[in-house]
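The values are calculated or read from the model by the stated rules, or taken from the named source; none is laboratory data. Model, not experiment: these values are computed from the prediction. Cβ coordinates were reconstructed from backbone atoms using ideal geometry, including for glycine residues, and neighbour counts include every protein chain displayed.
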C-alpha cells in the first residue's frame, strides 16, 4: 500500500509505526507542513496517517495550512480509504466528520489507565491498559462512529468510523526517544494538575512502552 502521513512538527514523528510500515513493505511518503511541503493528490495514496502536534484544530489563523489539511483528510475518508489519526490527528478526523473539538476539563499528560469498551470483535481494545497521553483538547464522537475507549480524565479516547477510520487520543506509538523529544519541546505544558505527571514520574512507566507498541501493531494490522 501507498501510505501517506502528515507531520505537524519535527519532534512528533511516527514512533513505532515507522518500523511496522517498513516491515510490511508499505510505500511511505509524508507531508511536513512546517517545512512547506505540498499535499499529494488523494487518489495517489491508499491510506493515511495523521500525527499529533501542539496546535489546535481551531488555529487556522496561525497555521493557514490547516484548512487544506482538513479538506485533504475529508477527501481521503470519502474515498473509503483507511485513516489513522493520533491526538491532533484524531481531533482533525472528528472535526472532519462533523463533531466538535474543545478544551478538555483537565489536561492529560503522562501515563494513565484507559478502559476499552466492547463494541465489536474486530475493534475491542483490552479491558484496561495504560498508555501515554499528552493533550489538552478532546473531541466528540461523530455520528455513525463507535467509541472504543475512555479514561478518568477524558471520556472520549478513541473511536472507529465505518470500520476504516480509527481515531486515538492517546499515544501508543510513543518511544522513549520520542517522549523525551516531546518533553524537550513542550515541557512548559507540564504544570500542576491531577492528570499531569512530571518527567520523573513518567520514567517508571518506560518499560511498558513495549506493550503499547504491540497494541499499536495489532491495530495497524487490522486497519491497513
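Every condition in (1) touching a helix residue (DSSP H, G or I) at 6+ places or on another chain (Cβ under 8 Å); (2) assigned to a helix (DSSP H, G or I); (3) under 18 Å from residue 172 (Cα atoms) is met by residue 18 except one, and the failing one is (1). Residues satisfying the criterion are absent from the stretch 34-47 (criterion: more than 26 Å from residue 131 (Cα to Cα), touching a helix residue (DSSP H, G or I) at 6+ places or on another chain (Cβ under 8 Å) and either exposed (fewer than 15 other Cβ atoms within 10 Å of the Cβ) or at pLDDT below 95 (or both)).
This table checks each residue for (1) at pLDDT below 95; (2) under 23 Å from residue 189 (Cβ atoms); (3) surrounded by fewer than 19 Cβ atoms within 10 Å (Cβ to Cβ); (4) out of contact with any strand residue (DSSP E or B) (no Cβ under 8 Å at 6 or more places or on another chain).
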| site | (1), (2), (3), (4) |
| --- | --- |
| 74 | no, no, yes, yes |
| 86 | no, yes, no, no |
| 90 | no, yes, no, no |
| 107 | no, yes, no, no |
| 112 | no, yes, no, no |
| 118 | yes, no, yes, yes |
| 134 | no, yes, no, no |
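The rows are residues; the columns are (1) assigned to a helix (DSSP H, G or I); (2) surrounded by fewer than 18 Cβ atoms within 10 Å (Cβ to Cβ); (3) touching a helix residue (DSSP H, G or I) at 6+ places or on another chain (Cβ under 6 Å).
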position: 138; (1), (2), (3): no, no, no
position: 149; (1), (2), (3): no, no, no
position: 173; (1), (2), (3): no, no, yes
position: 188; (1), (2), (3): yes, yes, no
position: 194; (1), (2), (3): no, yes, no
position: 216; (1), (2), (3): yes, no, no
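Among the candidates 220, 199, the residue that is in contact with a helix residue (DSSP H, G or I) (Cβ under 7 Å, 6 or more places away or on another chain) and more than 19 Å from residue 13 (Cβ to Cβ) is uniquely 199. With the condition kept exactly as written, say whether any residue in the stretch 153-161 is closer than 24 Å to residue 80 by Cβ, modelled with pLDDT of 95 or more and in a loop (DSSP other than H, G, I, E, B). Looking through the stretch 153-161, at least one residue is closer than 24 Å to residue 80 by Cβ, modelled with pLDDT of 95 or more and in a loop (DSSP other than H, G, I, E, B).
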